[in-house]
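All remarks here apply to the structure that follows.
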Amino acid sequence: MVALTIPSIGRRAENTSPPSAVAEVMAGCSRRLIDQSLTARYSDWIAEALDEIQGCFLITDPGVAGHPIVFASHGFLAMSGYSREEVLGRNGRMFQGPATNRRSVLEIREAIREERTLQISLLNYRKDGTPHWILFHLFPVFGVDDGRVAHFVAVQVPIPRRSRSLSEARCGGARGRLFGACRNEVRSDCDLGCNLAADLFVDVDNRGLEAEESREASEQEKERASDAANSILSALTQYSKLTGRVVSSQRSRLAGISPLSSSLILSLGRIKQSFVLTDPQLPDMPIVYASDEFLSLTGYSRHEILGHNYEFLNGPDTEVEVLHQIRQSIQVECACTVRLLNYRKDGSLFWNLLHVSPVRNASGKVAFYVNVQIDENAKSDGLGLSPHMRQLGVVGAVKVAVRSLSLCAGPSRPSS
Amino acid sequence: MLSIKRVPTVLSNYQEENAGEPLGCGRSCLGKCCLPASKLPVYAFKNDPRPKASSVGTDELPPDFFLNTLLLGQWEDRMNRGLFRYDVTACETKVIPGDHGFIAQLNEGRHLKKRPTEFRVDRVLQAFDPAKFNFTKVGQEEVLFRFEAAGGDEAHLFESDGNEGTKSPSVVAINVSPIEYGHVLLIPRVLDSLPQRIDQESFLLALRMASEAGSPYFRLGYNSLGAFATINHLHFQAYYLSVPFPVEKAPTAKIPTNQGRSKSGVTVSRLLNYPVRGLVYEGGKHLKDLADMVANSCIWLQSNNIPFNVLISDSGRRVFLFPQCYAEKQALGEVGQELLDTQVNPAVWEISGHMVLKRKKDYEEASEDYAWRLLAEVSLSEERFHEVKTYIFEAIGLVEPEEEMIHEEEEKGTPSNSSDPMHAPQFPEGCLILQ
């Protein structure tokens, strides 16, 4: 194992952009990402088309760090009491609260990770803090070109409180008892009770809501959810043809490079440091992931570097022995830490403290290499951490994310 | 400033038979001789137990700092320094097909040496014996950081100068034979040489660590003596695995009590459709409420010589408690040879659904049926579980309504008695209505 000690870092007057400007640019970038998330794929008319669809729903983008909401329907905003500005860019867990069933949260998280449809009853909270039950119907929309999840759609149908006697029949009585033909009985009872057409959005009586363990959705509500889902999917599919970046409800089987799963991208997106993943199984070991910080450090854009070998950072003044050292470590599947002169896109130089480490997946074999860069000149983050420690943090976070890859849970429960 | 030191590789391997005497005290161990003067980094967590999503100030530690940068990063550092007996990420692992998603790992290197059984396995409470192996004998290079409460409102990291002179330090150390990436040990108040037994303060510390890590995939676990703890020095284990454990997915049913939610806001449920009977604690206005409820339950169990395991899950929001009886059954010769041959000792991780298998054959043939059968042996019987649950409730001040007694007899569909381990109840999804 090759582990070099880090030489003491001298401050040099190299070209670096001041950190605050970078932060501003990043904030502006994320707002743009939210705004463009839909229009880039579905054209500028998609918002209008979605506004015409009845119902409460959200659209999220798992390709953006933090998996933010990129669209909220009028119906949803009315139901939840939030304004559009308060919701866009936030993560969906903002609507969860203290009495939200933790297992349900787990199921949603797993459905996102496994990129599949889920329908589940959920206790959500409005802006004013009041809880309400909804039928939560989540489904992924895949890009046909790259097979990745382009967006997740979350349709929400309020589940009103049924009349007292019916809830007793279902929720009262022995705990843990399992009913045989219960489902059919409940369904017919519910249809009788579900003429609560008036004011389905407002559940006036919140008392005891949080004490309810669950609230079953009726067939009517499930139908409403499916109908809305179909309308949304139809709109998205249709409009995606305008840009050519077509979507589908099913992932197409692609030959060649299998894309990184959206859950991996989500995990990697949380790591706010400069790093790339390269794939040693593919010819020329291309970059398959690059963090935003890497792009700002080097000046390249994502599409310029994905699929390319990492060596474009090297140039005439980069020490050949150091490159040799890196290659040797990779040969024996070991980690190494080196310091080398690298080139940005604009030709400027920087001393790169580079740490390279193999990353294995569940099979135990090396699936990727992670390369973590630190610009020697960059202002320290003031936390009193050595750069190397920060690099290792990236490696650790990447390793745990990749370890679960191919640890496919399989269809553990059929979603209804 | 944390720096990298060149250290000799693997000095202490606490699974060895002959832990040996420390070589005087230039050894830089965790005993009273060395630890107070050490320069270990201290992670001081803030008092507010439920950190909100705050705006990031310039000096505030980023949200993933504790787990990623500090814990996993330092763990990776120890890997690079060769302190682990093997690379756990090179061990093949898979989810066993089926409804429950048991996780199996093939790890031939973990059990190369026999686990020393340095104490009786039929007593849950035993006095600390300084002559036997304990964590004060571990080298400081195996410690990642100290984990203690700060005075203030913000978490921060600093290098100890040995002069705090306050409470006994608690440390997070690596497990040199890891089950998964990031496998560490939380050793509360290491200098106090506490035996393996739960107390309120230590349990709260464990919950705080789960909460601080902030990831549902980073869990903590505890094994009592008699439930496959191997070292009689108070410690919790923790590691990271980004899939749900089967036990976390299992349905639960809240156990109704006369007070509705208890005064503290903690609810207790029981596990359904899972081979090991257990209680699930969640809620609570403050983390301490949850910690105390669980700790008091454990204290009752250990005072009554019932071995148990505890899983802290969902970033400290859900805690599973499993009273068990496997060791006793094993000693009485009641466990089938086939299960014994796989040499899986069902401790907290196994019970939660993560099994480490030593033989390739077992790994390749691992089935949900095998996992279920093994774990069903661990569980208390329905009668015994009901009895224990009633005592626990009494101990923690919860009262169940009277009619519970009648319904217990009517329960036929719930997890079967251990006398019939083959029967794994599988009810069609559509017919399961949970209260």
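Just so you know, all these numbers are worked out from the coordinates, no wet-lab data involved. These numbers were taken from a predicted model, which means no experiment stands behind them. Cβ: placed from backbone, ideal geometry, glycine included. Neighbour counts: every protein chain shown.
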Q | Hz values of 3J(HN,Hα) by residue in region A:89-98 - Karplus curve (6.51, -1.76, 1.60), Gly and Pro given as x | A | x, 8, 8, x, 6, 5, 8, 7, x, x
Q | Too-long pairs where the Cα-Cα distance tops 20 Å, listed order kept, from B:LYS329/B:LYS360; B:LYS94/B:LYS361; B:LYS329/B:LYS361; B:LYS94/B:LYS254 | A | B:LYS329/B:LYS360; B:LYS329/B:LYS361; B:LYS94/B:LYS254
Q.
Cut-off is 10 Å between beta-carbons; in what order do A:ARG224, B:ARG373 appear when sorted fewest neighbours first?
A. B:ARG373, A:ARG224
**Q.** Under the Debye formula (equal points on every Cα, no solvent term), log10 I(q)/I(0) of region A:262-409 at q = 0.08, 0.18, 0.20, 0.22 Å⁻¹
**A.** -0.20, -1.11, -1.40, -1.69
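Expressed in nm to one decimal, what extension gain is obtained for the pair B:ARG384 and B:ASN47 from 0.36 nm per residue of sequence separation less their Cα-Cα distance?
Details: separation 337, 0.36 × 337 = 121.32 nm, distance 3.94 nm.
Extra length from B:ARG384 to B:ASN47 when fully extended: 117.4 nm.
Using the count of nearby Cβ atoms within 10 Å as a rough guide to exposure, how do B:SER224, B:SER367 rank from fewest to most? Mind dumping the intermediate values first?
Details: B:SER224 25, B:SER367 13.
Ascending number of Cβ neighbours within 10 Å: B:SER367, B:SER224.
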Q | Cleavage-rule hits (trypsin sites (Lys or Arg not before Pro)) in region B:162-222: DSSP loop, at most 14 neighbouring Cβ within 10 angstrom | A | B:LYS167
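In what order do A:TRP45, B:TRP300, B:TRP372, B:TRP349 fall by count of nearby beta-carbon atoms within 10 Å, going from fewest to most? Walk me through the intermediate numbers first.
Working: A:TRP45 12, B:TRP300 18, B:TRP372 21, B:TRP349 25.
Going from sparsest to densest Cβ surroundings: A:TRP45, B:TRP300, B:TRP372, B:TRP349.
Can you pull the percent of Cα pairs in region B:191-345 with separation above 29 Å? Can you show the working numbers first?
On the way: 1996 of 11935 pairs.
Beyond 29 Å sits 17 percent of the P(r) for region B:191-345.
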Q) Per-residue HN-Hα couplings for region A:276-290, Karplus 6.51 cos²θ - 1.76 cosθ + 1.60 at θ = phi - 60°, whole Hz, x for Gly and Pro? A) 9, 10, 10, 10, x, 7, 9, x, 6, 6, x, 6, 10, 8, 9
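Rounded to the nearest angstrom and ordered from largest down, what semi-axes does the equivalent ellipsoid of region A:44-107 get from its C-alpha gyration tensor (root of 5λ)? Show your work: numbers first, answer last.
Values: eigenvalues 96, 44, 23 Å².
So the three semi-axes of region A:44-107 are 22, 15, 11 Å.
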Q | R0 of 41 Å, Cβ-Cβ distance A:SER406-B:ALA131: FRET efficiency to nearest 0.05 | A | 0.30
(Q) Just to check I understand the Karplus step: with θ = phi - 60° and J = 6.51 cos²θ - 1.76 cosθ + 1.60, what whole-Hz values come out for region B:191-202, glycine and proline as x? (A) 6, 6, 6, 7, x, 6, 7, 7, 9, 4, 5, 5
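Size of the dipole of region A:244-360 about the Cα centre, Lys and Arg at +1 and Asp and Glu at -1 on the beta carbon, nothing else charged, in debye to 20? Before the final figure, lay out the partial values.
Working: 11 positive and 11 negative charges, 124 e Å.
Dipole magnitude for region A:244-360 comes out near 600 debye.
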